[in-house]
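Asker: Have a look at this one.
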Amino acid sequence: MSYKNHKIIQKSPDDWAIVENNHEPIITQELWDKCREVDRSVSRGKRDHKDVTAPLSGFLYCDACGSKMRQHNGSKGCKPAYTCGLHSRCGGDVCSTHFIKQYLLEATVLAGIQAKSGMVLREDDAKARFMAYKSRQHETRSAEEKKREAEVKKRLDELDKLIQGIYEDKVLGRVPEDVCINLLEKYSAEKKSLSAEYAVILERETADRQDEEDIDEFMSRLRKYAGATELTREMCLDLIGYVTVDENTGDRSKPRKIHIYYKFLDKELADKHNALA
């Protein structure tokens, strides 16, 4: 029923269970993880008339309308290119072409990857720089926040002891019942508030740990492609989240913006079908 050495058994008509380590796995964990990663990618990739999937097929989005770019095969001496998918379907009234030659786009993305892989190999502070970039995508944990975490945890432990003590005093009759009730309400309200704050703190802490794991994996993959002179499909699937393409004004003297969003470094798209959703 799965890639792992598991089997699913039916304990009763409405009760099922998974038994782990039941038999040899069908495929390796590494291959399963890679397949799942490809499945989560924004790109499914389409083969061209030569039965070849271009490296960036499915990764490109128009930065104006957010729709995917459509690949056009070269004909009559023209080189393959990409245009805005919405423009291709509905015309210039909804969006401009965003036309860009495939070889130029691939060269731009390759240069970006080469720059980052070179940074990993040459600069000792590469990880710190990547971490700083990634941490700007969410609130960073300051020294004050870490101090607050310790304070909240300590107070929650104290409240548990206080609440337990009040119940014992009430049972033993050492404290009047109305006093016990008032104290319980007070401490319970404080505990509820602090518990909510502590949950947020732990969520941020988890995000910090995930950031570091993501950066380690990103750097490992960059090292794998250090010195690469050609953009490949595998390279894009390993490193690229998605790419947005600026409008083509027709003015060659005006630079165009090609923004590369990397896996593990940038946020994932909320909607694979539209980069602006």
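The values are calculated or read from the model by the stated rules, or taken from the named source; none is laboratory data. Here the structure is a predicted model, which is why all the values come from computation and not from measurement. Backbone-built Cβ (ideal geometry, glycine too); neighbour counts: all protein chains shown.
Asker: Across region 180-204, what is the total count of residues that are within 14 Å of Val152 (Cα to Cα) and not small (Gly, Ala, Ser)?
Answerer: Residues in region 180-204 being within 14 Å of Val152 (Cα to Cα) and not small (Gly, Ala, Ser): 10 in total.
Asker: Here's a follow-up. Does Ser117 fit the bill of being within 30 Å of Thr206 (Cα to Cα), without any contact (Cβ under 8 Å) to a residue 60 or more places away in the chain and among the hydroxyl-bearing types (Ser, Thr, Tyr)?
Answerer: Details: within 30 Å of Thr206 (Cα to Cα): yes; without any contact (Cβ under 8 Å) to a residue 60 or more places away in the chain: no; among the hydroxyl-bearing types (Ser, Thr, Tyr): yes.
So Ser117 fails the test.
Asker: Would you check if Arg136 is outside the structural domain of Ile240 (by TED's automatic domain parsing) and exposed (fewer than 14 other Cβ atoms within 10 Å of the Cβ)? Step through it out loud before you land on a result.
Answerer: Working: outside the structural domain of Ile240 (by TED's automatic domain parsing): yes; exposed (fewer than 14 other Cβ atoms within 10 Å of the Cβ): yes.
For Arg136, the condition - outside the structural domain of Ile240 (by TED's automatic domain parsing) and exposed (fewer than 14 other Cβ atoms within 10 Å of the Cβ) - is met.
Asker: Does Tyr167 satisfy the condition of being surrounded by 13 or more Cβ atoms within 10 Å (Cβ to Cβ), in a helix (DSSP H, G or I) and among the hydroxyl-bearing types (Ser, Thr, Tyr)?
Answerer: Answer is no for this residue.
Asker: Right, here's the next one. Give me the residue from region 164-201 that is of a type in the set (Lys, Arg) and without any contact (Cβ under 8 Å) to a residue 12 or more places away in the chain and, out of that set, farthest from Glu151 (Cα to Cα). Can you show your working first?
Answerer: Here is the first cut: in region 164-201, the residues of a type in the set (Lys, Arg) are 170, 174, 186, 191-192.
Checking which are without any contact (Cβ under 8 Å) to a residue 12 or more places away in the chain leaves us with 170, 174, 186, 192.
On the way: Lys170: 28, Arg174: 30, Lys186: 19, Lys192: 15 Å.
Only one residue tops the list, namely Arg174.
Asker: Can you name the number of the only condition in (1) in a helix (DSSP H, G or I); (2) touching an Asp or Glu at 6+ places or on another chain (Cβ under 7 Å); (3) not basic (Lys, Arg) that Glu234 fails?
Answerer: Failing condition for Glu234: (2).
Asker: Filtering region 60-73 down to residues that are within 24 Å of Ala228 (Cβ to Cβ) and touching a Lys or Arg at 6+ places or on another chain (Cβ under 9 Å), which residue is surrounded by the fewest Cβ atoms within 10 Å (Cβ to Cβ)?
Answerer: Pass one, region 60-73, residues within 24 Å of Ala228 (Cβ to Cβ): 60-61, 69, 71.
Then drop every residue that is not touching a Lys or Arg at 6+ places or on another chain (Cβ under 9 Å), which leaves 60-61, 71.
Details: Leu60: 29, Tyr61: 27, Gln71: 20.
Step by step, filter region 60-73, then rank; the result is Gln71.
Asker: Taking Tyr261, is it at pLDDT 90 or above and under 16 Å from Phe130 (Cβ atoms)? I'd like the intermediate steps shown before the answer.
Answerer: Values: at pLDDT 90 or above: yes; under 16 Å from Phe130 (Cβ atoms): yes.
Considered against the rule, which asks whether it is at pLDDT 90 or above and under 16 Å from Phe130 (Cβ atoms), Tyr261 comes out as yes.
Asker: Of the residues Lys116, Lys161, Lys127, Lys147, which is in a helix (DSSP H, G or I), loosely packed, with under 12 Cβ neighbours inside 10 Å, modelled with pLDDT of 90 or more and on the phi < 0 side of the Ramachandran plot? Walk me through how you get there before you give the answer.
Answerer: Details: Lys116 fails: loosely packed, with under 12 Cβ neighbours inside 10 Å; Lys127 fails: loosely packed, with under 12 Cβ neighbours inside 10 Å; Lys147 fails: modelled with pLDDT of 90 or more.
Being in a helix (DSSP H, G or I), loosely packed, with under 12 Cβ neighbours inside 10 Å, modelled with pLDDT of 90 or more and on the phi < 0 side of the Ramachandran plot holds for just one of Lys116, Lys161, Lys127, Lys147, which is Lys161.
Asker: While we're on this one: Determine if region 229-250 includes at least one residue that is assigned by TED's automatic domain parsing to the domain that holds Lys46, over 22 Å from Thr53 (Cα atoms), surrounded by fewer than 18 Cβ atoms within 10 Å (Cβ to Cβ) and without any contact (Cβ under 8 Å) to a residue 40 or more places away in the chain.
Answerer: Yes, because at least one residue in region 229-250 is assigned by TED's automatic domain parsing to the domain that holds Lys46, over 22 Å from Thr53 (Cα atoms), surrounded by fewer than 18 Cβ atoms within 10 Å (Cβ to Cβ) and without any contact (Cβ under 8 Å) to a residue 40 or more places away in the chain.
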